[in-house]
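Peer 1: A single structure is presented below for examination.
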Amino acid sequence: MAIKKSNKVAAASQAASLKKILKRCSSLGKKNQGNCYFSDVPKGHFPVYVGQQRSRYVVPISWLAHPEFQTLLQLAEEEFGFEHDMGLTIPCDEVVFQSLISMFS
């Protein structure tokens, strides 16, 4: 019984985090129309920064539904939080990220 309850709490927490991300992503174009960081991000996408060089990737919002991407988001939240003016920073090697996203396509 306690396991089921803790799973529900974890799922609710994850859902709340994803809502924050979606809300922030949907407002990027509105808040930063004059900002060069987001002017090239198409609707339905958001920028992420990956690796030591902080390489920029523009990824579709639909990737938020992938459990593997959600794991990366949890790592990002733990390490950096979600309050970035330049977008979301993913704490993993770029090669690992590229390998992971190749499975989504």
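Peer 1: Apply the Karplus parameterisation 6.51 cos²θ - 1.76 cosθ + 1.60, with θ equal to phi minus 60°, to every residue of region 87-101 and state each ³J(HN,Hα) to the nearest whole Hz, in sequence, with x for glycine and proline.
Peer 2: Taking θ as phi minus 60°, the curve returns x, 8, 9, 9, x, 8, 5, 4, 4, 5, 4, 4, 5, 5, 5 Hz for region 87-101.
Peer 1: Near the amide H of Cys92, under 5 Å away, which other amide H atoms are found, from residues 5 or more places off or on another chain, if H is placed in the peptide plane?
Peer 2: Counting only residues 5 or more places away or on other chains, the set is Gly51.
Peer 1: Give me the extension gain from Glu78 to Lys43: residue separation times 0.36 nm, minus the current Cα-Cα distance, reported in nm with one decimal.
Peer 2: Gain on extension, Glu78 to Lys43, equals 9.9 nm.
Peer 1: Given H placed 1.01 Å from N in the peptide plane, which residues other than close sequence neighbours of Phe46 have an amide H under 5 Å from its amide H?
Peer 2: Val59, Ile61
Computed from the coordinates by the stated procedures, all read-outs in this text should not be read as laboratory data. For clarity, every value in this text was computed on a predicted model and none was experimentally measured.
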